[in-house]
Amino acid sequence: MKPVYMVNGFLESGKTEFITYTLNQPYFQVKGKTLLILCEEGEIEYEEFLLKKSKTVVELVEEEKDFTPSRLVELEKKHRPERIIIEYNGMWNYKNMELPWHWSIEQQITTIDASTFPMYFNNMRSLLAEMVRNSELIIFNRCDDVEDLGVYRRNIKAVNQKAEIVFEDSNGEIDEIFEEDLPYSLSDDPIALEDESYGIWYLDSLDHLERYEGKKVQFTAMVLKPENFPQGYFVPGRMAMTCCADDMAFLGFACRAREAEKLENKQWIRVTAVVRKEYFADYQAEGPVLEALSVEETEAPKEEVISFV
């Protein structure tokens, strides 16, 4: 079977940029020729140097009526490629697309310009749905001015629940945590945070404190008592390996507790606390402050260090 990589999306959605990035990667510098079939010409063109370096030949199929199995087989016989990339025209109904019987789609990727997504979603929903229905990866780019990416994500998930969705702005990929992906329920009382879920809660609290204000959380933590910390406060948290064994950080928020003065550094405790949004001097801003309801001594967890690797 001939492997095919399908990249679709509306005009100027970022298809060419994505394919250019892919052709530049070392893992794509493999044996044999790549046939790149363009179904429309955008403003960005492929550089001859890149095409030569990646052993890629380009063919243009401008009309939907010409995108037929027989035409595609002709191109295959002409170039004898090891693999095929198709930059598909977003205005052609993907539902009607037909490939030669011996071509097999290895991966389907859809690129979407976030700034124009609402227009296409409202006016060309059926075309968009066919594009994303079987895509394994959906890339939203140009997300800088989008206030609620969760709405975009839910719109896509309604059509394709299994797709991986990536959001990018001018600085690169956006590391967004969506409420439906949290490993705990925000309606739990208290919200139980165990191991990796503690790390996710910590990061999400920094970005979406409004989700947790007034809610109770419960977790096992190590005690940290920084010098010059206000009386009646300490920091319950966990050591985390963020990328490798040499990159460790203590993740925790200030906690107000009657028991604070009795606690010792590196002591293991079980904390139940209410999350507040307050100004705290060490933050030099408003941020998450915990108000302890109970602090009980406990044993260290089996894995004392949580990991984001």
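The values are calculated or read from the model by the stated rules, or taken from the named source; none is laboratory data. Not measured: the values here are computed from a predicted model. Cβ sites come from the backbone with ideal geometry, for glycine too, and all protein chains shown count toward neighbours. Note: accessible area is taken over every heavy atom of the protein model, side chains too, but ligands, DNA and RNA are not part of it. Shrake-Rupley method; radii C 1.70, N 1.55, O 1.52, S 1.80 Å.
Listing for the model above:
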| item | result |
| --- | --- |
| Virtual paramagnetic centre 7 Å along Cα→Cβ of Glu213, amide N under 14 Å, in the stretch 270-289 | 275-279, 286-289 |
| Loop sites in the stretch 212-309: GluC sites (Glu not before Pro), DSSP, at most 14 other Cβ within 10 Å | Glu213, Glu227, Glu264, Glu299, Glu303, Glu304 |
| Correct option for semi-axes √(5λ) of the Cα gyration tensor in Å [calculated from the coordinates] among (1) 51, 20, 16; (2) 24, 24, 19; (3) 37, 25, 18 | (1) |
| Residue-span extension gain [Ile174 to Val73] - 0.36 nm each, minus C-alpha spacing | 32.4 nm |
| Label zone at Glu106 (point 7 Å along Cα-to-Cβ), backbone N below 20 Å, the stretch 13-36 | 15-36 |
| Residue-span extension gain [Glu136 to Asn123] - 0.36 nm each, minus C-alpha spacing | 2.3 nm |
| Reference-scaled alpha-carbon Rg (2.2 N^0.38 Å with N residues) for the stretch 85-235 | 1.42 |
| Dipole of the chain, positive direction: furthest Cα of Phe229, Ile105, Tyr184, with charges on the beta-carbon | Ile105 |
| Additional length obtainable on full extension of the chain from Phe250 to Lys262, 0.36 nm per residue less Cα span | 2.2 nm |
| The stretch 66-152: chymotrypsin sites (Phe, Trp or Tyr not before Pro) falling in loop per DSSP and having at most 13 other Cβ within 10 Å | Trp101 |
| Positive-pole candidate from Leu36, Pro26, Leu50, dipole of the stretch 23-80, charges at beta carbon | Pro26 |
| Histogram of C-alpha separations across the stretch 1-96, 10 Å bin width, % | 15, 52, 31, 2 |
| Net charge dipole size for the stretch 251-309 [Lys, Arg +1 and Asp, Glu -1 on Cβ; Debye, nearest 20] | 140 debye |
| Rounded to the nearest 20 debye, dipole of the chain from Cβ charges on Lys, Arg, Asp, Glu | 1000 debye |
| Carbon plus sulfur fraction of accessible area for the stretch 84-241, probe 1.4 Å, in percent | 44 percent |
| Heavy-atom accessible area per residue - the chain, 1.4 Å, Å² | 55 Å² |
| Those trypsin sites (Lys or Arg not before Pro) in the stretch 93-166 that DSSP places in a loop and that have at most 12 other beta carbons within 10 Å | Lys162 |
| Residue of Gln231, Gln108, Gln284 that the Gaussian network model of the chain assigns the largest fluctuation, springs spanning Cα pairs under 10 Å | Gln284 |
| Rough spin-label spacing in nm, given labels placed 7 Å along Cα→Cβ, for Thr20 and Leu51 | 1.4 nm |
| Given Lys157/Lys215; Lys33/Lys162; Lys52/Lys95; Lys225/Lys262; Lys215/Lys262, the pairs whose alpha carbons are separated by over 22 Å | Lys157/Lys215; Lys33/Lys162; Lys52/Lys95; Lys215/Lys262 |
| Zone residues, the stretch 12-30, relative to Leu60, backbone N less than 16 Å from point 7 Å out along Cα-to-Cβ | 12, 16 |
